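Student: Before I ask anything, let me first share the structure, which is written out below as structure tokens.
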Amino acid sequence: MATFLSSSFSHTSKPSYFLPNFSSPTSKSFLSTSNSKPNNSTIKKRMPTSIQAARADIDTGLLQRAIQLVQSSPLTWQNAVLNNLLIFLLGSPILVSGLSFSGIAAAFLLGTLTWRAFGSSGFLLVASYFVIGTLATKVKMAQKEAQGVAEKRKGRRGPGSVIGSSAAGCVCAFLSIYGVGGDAFTHLWELGFVASFCTKLSDTVSSEIGKAYGKTTYLVTTFKIVPRGTEGAISIEGTVAGLLASILLASVGCILSEISLSEAIICVIASQIANFGESIIGATLQEKEGFRWLNNDAVNVINISMGSILAVFMQQLVLKNLA
């Protein structure tokens, strides 16, 4: 048997605290059935709607916050981490193919530092370096494995390789972030950054393409014919490929307005001089008695540091005198 209960609420100009988002009611009647339960279907319909509305409010707030971080200026560590995380999630298939999991962690730190120092343009330069270098490493992988000259773990590089390949660039990034030398040196640190990755990419591509396609490899100090993969060995095919890779990455830096055209030429020249020096170190010192510590990662640090320093000095000595 249905029982009607009536309850009145006095009208007030203040908002209702019991019925939010509704205008203040003057009266309200409720229908209650003594021998039936409340309408659960109505409750079920209302509950998800409230939850979805709250969730939408939260998601909208997070999205707006994310957009503000991406667009914030000047650059902050917070938006560097956010942008880097987003790109790493989207590019995870490529990262996994070229890096070990610990290598990915090291690359994430590098990407965050790069974005904080040089913004999206610096990040895109490093991303270009990684993609081109990974593709070169994968070329004729089966053949290089059969010959025993392939990179370990199917070419997936670890944290040592990431750090060794980016050490000079990281130093330039820190110098830029903390304004060492003032405004007069800000662009020099960016030039050194670009030159370091041009140097490393040229070294990687020349080595990998030389292993894959080099018909004859020569020891750089004596020009004697040696097997592929010998430390300090060079080939015509690898040298040309490395030069083209350096030109390509320097052009990317120029297009992204990190360096000028004349500075791009300097980066290419510096990278080739540094790589020649690296080949001499590999032929004369690496893996020799008393230099066991001089492994590939250590040689990488020396190589890219040479390229970075040479580019900065050439810019100061050559371009300033021509200006």
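The values are calculated or read from the model by the stated rules, or taken from the named source; none is laboratory data. None of the values given here were measured: they were computed from a predicted structure. No Cβ is skipped: glycine too gets one built from the backbone with ideal geometry, and neighbour counts run over all protein chains shown. These accessible areas exclude ligands, DNA and RNA; they are computed on the full protein's heavy atoms, side chains included. Shrake-Rupley method; radii C 1.70, N 1.55, O 1.52, S 1.80 Å.
Student: Is it the case that the range 178-190 has a residue that's assigned to a loop (DSSP other than H, G, I, E, B), open to solvent by 20 Å² or more (accessible area, probe 1.4 Å) and hydroxyl-bearing (Ser, Thr, Tyr)? I'd like the intermediate steps shown before the answer.
Tutor: To start, the set of residues in the range 178-190 that are assigned to a loop (DSSP other than H, G, I, E, B) comprises 178-182.
Those still in the list that are open to solvent by 20 Å² or more (accessible area, probe 1.4 Å) too: 178-182.
Now narrow it down to the ones that are hydroxyl-bearing (Ser, Thr, Tyr): 178.
There is at least one residue in the range 178-190 that is assigned to a loop (DSSP other than H, G, I, E, B), open to solvent by 20 Å² or more (accessible area, probe 1.4 Å) and hydroxyl-bearing (Ser, Thr, Tyr).
Student: Restricted to the range 161-189, and to residues that are over 16 Å from the mean Cα position of the chain (by Cα) and not hydrophobic (A, V, I, L, M, F, W, C), which residue is nearest to SER100 (Cα to Cα)?
Tutor: By that ranking, first place goes to SER176.
Student: Just give me the residues in the range 161-200 being more than 24 Å from ILE273 (Cα to Cα) and small (Gly, Ala, Ser), in sequence order.
Tutor: Answer for the range 161-200, where residues must be more than 24 Å from ILE273 (Cα to Cα) and small (Gly, Ala, Ser): SER176, GLY179, GLY181, GLY182, ALA184.
Student: Further, regarding this structure: Looking at the range 165-217, which of its residues are over 23 Å from ILE247 (Cβ atoms) and of a type in the set (Phe, Trp, Tyr)?
Tutor: PHE174, TYR178, PHE185
Matching residues to (1) assigned to a helix (DSSP H, G or I); (2) open to solvent by 30 Å² or more (accessible area, probe 1.4 Å):
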site: VAL162; (1), (2): yes, no
site: GLY169; (1), (2): yes, no
site: ASP203; (1), (2): yes, no
site: SER207; (1), (2): yes, yes
site: LYS215; (1), (2): no, yes
site: TYR218; (1), (2): no, yes
site: LEU249; (1), (2): yes, no
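Student: Looking at GLY290, GLY277, which one is more than 24 Å from the chain's Cα centre (by Cα), over 19 Å from LEU219 (Cβ atoms), surrounded by fewer than 19 Cβ atoms within 10 Å (Cβ to Cβ) and not aromatic (Phe, Trp, Tyr)? It would help to see each step written out before you state the result.
Tutor: Numbers: GLY277 fails: over 19 Å from LEU219 (Cβ atoms).
Step by step, each of GLY290, GLY277 is checked, and only GLY290 is more than 24 Å from the chain's Cα centre (by Cα), over 19 Å from LEU219 (Cβ atoms), surrounded by fewer than 19 Cβ atoms within 10 Å (Cβ to Cβ) and not aromatic (Phe, Trp, Tyr).
Student: Continuing with the same structure: Among the numbered criteria (1) open to solvent by 10 Å² or more (accessible area, probe 1.4 Å); (2) closer than 19 Å to GLY119 by Cβ; (3) in contact (Cβ under 8 Å) with a residue 60 or more places away in the chain; (4) not acidic (Asp, Glu), which one does VAL194 miss?
Tutor: (1)
Student: Which one is least open to solvent (accessible area, probe 1.4 Å), of the residues in the range 220-239 that are touching a residue at least 24 places away in the same chain (Cβ under 8 Å) and in a helix (DSSP H, G or I)?
Tutor: Out of the qualifying residues, it is GLY238.
Student: Could you look through the range 114-149, keep only residues that are farther than 22 Å from ILE255 by Cβ, in contact with a helix residue (DSSP H, G or I) (Cβ under 6 Å, 6 or more places away or on another chain) and open to solvent by less than 30 Å² (accessible area, probe 1.4 Å), and pick out the one that is modelled with the highest pLDDT?
Tutor: THR137
Student: Got a number for residues in the range 284-323 being without any contact (Cβ under 8 Å) to a residue 24 or more places away in the chain, of a type in the set (S, T, N, Q) and outside any helix (DSSP H, G or I)?
Tutor: Qualifying residue count for the region: 1.
Student: Examine the range 95-105 for a residue that is in contact with a Leu (Cβ under 7 Å, 6 or more places away or on another chain) and modelled with pLDDT of 95 or more, and state whether such a residue exists. Talk me through it step by step, then tell me what you get.
Tutor: As a first pass, look at the range 95-105 and keep what is in contact with a Leu (Cβ under 7 Å, 6 or more places away or on another chain): 104.
Right, trim to modelled with pLDDT of 95 or more and you get none.
Scanning the range 95-105 turns up no residue that is in contact with a Leu (Cβ under 7 Å, 6 or more places away or on another chain) and modelled with pLDDT of 95 or more.
Student: Can you confirm whether LYS154 is surrounded by fewer than 21 Cβ atoms within 10 Å (Cβ to Cβ) and in contact with a Gly (Cβ under 8 Å, 6 or more places away or on another chain)? Step through it out loud before you land on a result.
Tutor: Working: surrounded by fewer than 21 Cβ atoms within 10 Å (Cβ to Cβ): yes; in contact with a Gly (Cβ under 8 Å, 6 or more places away or on another chain): no.
Spelling it out, it is not the case that LYS154 is surrounded by fewer than 21 Cβ atoms within 10 Å (Cβ to Cβ) and in contact with a Gly (Cβ under 8 Å, 6 or more places away or on another chain).
Student: Also: Quick check: is even one residue across the range 167-186 touching a Cys at 6+ places or on another chain (Cβ under 9 Å), closer than 18 Å to ASN303 by Cβ and at pLDDT 90 or above? Full working, then the answer.
Tutor: Within the range 167-186, the first condition is being touching a Cys at 6+ places or on another chain (Cβ under 9 Å), and the residues that meet it are none.
No, that holds for no residue.
Student: Specify the residue that is modelled with the lowest pLDDT; the eligible residues are those in the range 251-273 that are in a helix (DSSP H, G or I) and of a type in the set (Ser, Thr, Tyr).
Tutor: We begin by selecting, within the range 251-273, every residue in a helix (DSSP H, G or I); these are 251-255, 261-273.
Cutting the leftovers down to of a type in the set (Ser, Thr, Tyr) gives us 251, 262, 271.
Values: SER251: 98, SER262: 95, SER271: 98.
Of everything passing the filter in the range 251-273, SER262 is modelled with the lowest pLDDT.
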